[in-house]
Structure formats: C-alpha cells, structure tokens
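Shown next, in structure tokens, is the structure this report addresses.
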Amino acid sequence: MLKQDGFSLFEMMLSITFSSLIFIGITAFYSKLQSIILQQNLNTHLQRNIHQGIVSISKDLKRAGFIANKPEKMSQQPIEINPAKNCYIFRYDSEIRNDWVHNTTIPTKSDIFAYRLYNNNLEYKVGTINCEGVNWEKIFDPHDIKVTQFSIKKQNNHFEIDISAQLKKNKKIKYQTTTIIKNENPF
C-alpha cells in the first residue's frame, strides 16, 4: 500500500478550530481598539475646542484695563463680572485711541468685549454695555458642545477661568479645566 502524506480529519478540525479562535480574538481586539481610538479622538476634539475658546477669552482678559498713553482716562471698571447672568464685560483700548470707545453706530468698532454663558453655550459680543440683547456670536457649535459651567473669578493678582463641557452626541465625553490668567494691566 502506498503511504500518502497529508492531514487527517482530526488534524484538519483541530487547525480550523484554532484558526477560528485566533480570528475571533483578533476581531474582538480590533473592535475594542477602534472604540478606544474613537473615544480618544472625541476627547481630543472637545479639549481642542474648549482651549480655543479659552484663548479668545484670555486675550481679552489680559488686555482689560489698557488705555494707550493715558491711563487716567479710565472712567469705568475695566472688568464687569455679573455672576447672576454669568456674563463678563472687558474694556481696553484695542486700536490705540487713548480711550475706551463705545461706538453705538458701529458696535464692532467699540472697545467693549463681552462673554456670557447662554443656553449651554459661550457667546461673544463686541460693543455691548450689558449682558442682554441679540446677535451674540456662539463660540462653540451648539449642535456639538454643551457648556455646563463657565465662570471667571478675580483673585489677588490673577483671574481663574473655569469651563466644563460635554459633547452633545456622546454625554460620556466630558472635559473640565481651570485656566489661570495674569492681567497685563493691573487696575
């Protein structure tokens, strides 16, 4: 009788079983890895957006109180903090005009910059002297990010900006940060 080289039925079944187990393990690992990468990307997306908002606020907060060449012209408080309305108004001489200009005709030419928390979003407006009104610009996409907390607190020689937010489509993705800003123009 001739001897034939090959696998027996048992060896074939054993190799198929081991191959299937390895394939199932790799598939489960890949699925879990994709989930982790997606969560990390969403966290990074939220953090990047919040930090971009903080940069905008910080820029105005650092400049608050500046009047070119004539600081004695400071006739109002450079920073108004209204915790009841969660609104903050900053004044500074943005175009080196030696004064704080409030242009009612063209508000965007004013030296008054306001931020507020409204309907779970941070909003920004130039030229407003109060926390009311319409035509505020949203800092974050209202369909993407929900701001749950925003405050600016004055300390001895600095300000603390606190922001907490979460993604609207995935409420598990949350971010909270406190940023310390030194005012460039002590008042």
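What is the extension gain from His158 to Leu14, computed as 0.36 nm multiplied by their sequence separation minus the C-alpha to C-alpha distance, in nm to one decimal? Can you show the working numbers first?
On the way: separation 144, 0.36 × 144 = 51.84 nm, distance 7.00 nm.
Net length gain for the segment: 44.8 nm.
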Exercise. Against the longest principal axis of the chain, how steep is helix 9-63, in degrees 0 to 90 to the nearest 10, with axes from Cα atoms?
Worked result: 0
Problem set entry | Neighbour net charge for Glu184 - beta-carbon separation under 14 angstrom, K R +1, D E -1 | +3
Exercise. Sequence-distant or interchain residues sharing an amide H contact under 5 Å with Thr148, placed H: which?
Worked result: Ser164, Ala165, Gln166
Exercise. Is the range 92-187 best put as rounded, prolate or oblate by its Cα gyration tensor, with a ≥ b ≥ c the root eigenvalues, rounded for a/c under 1.5, and otherwise prolate when a/b is larger than b/c, oblate when not?
Worked result: oblate
Exercise. With each label point set 7 Å from Cα along the Cα-Cβ vector, what nm distance links Gln40 and Tyr118?
Worked result: 3.9
For this session: Would you mind getting me the FRET efficiency between Val55 and Gln77? Use the beta-carbon distance for r and R0 = 25 Å, nearest 0.05.
Result: 0.55
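Decide, for the range 1-108, between rounded, prolate and oblate: order the square roots of the alpha carbon gyration tensor eigenvalues as a ≥ b ≥ c, take rounded if a/c falls under 1.5, and otherwise choose prolate if a/b is larger than b/c, else oblate. Mind dumping the intermediate values first?
Values: a/c = 7.68, a/b = 5.60, b/c = 1.37.
Judged from the Cα gyration tensor, the range 1-108 comes out prolate (a/c at least 1.5, a/b above b/c).
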Exercise. Over all pairs of distinct alpha carbons, what does the Kirkwood formula give as the hydrodynamic radius of the chain, in Å?
Worked result: 20.3
Exercise. Using modelled backbone amide H atoms (1.01 Å from N, in-plane), which distant-in-sequence or interchain residues come within less than 5 Å of Tyr118's amide H?
Worked result: Glu123
For this session: In a Gaussian network model over the chain where Cα atoms closer than 10 Å are linked, find which of Lys138, Lys172, Lys62 has the largest mean-square fluctuation.
Result: Lys172
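Read the figures in this text as sums done on the coordinates, not as results from a lab. Not measured: the values here are computed from a predicted model. All Cβ positions, glycine included, derive from the backbone under ideal geometry; neighbour counts span all protein chains shown.
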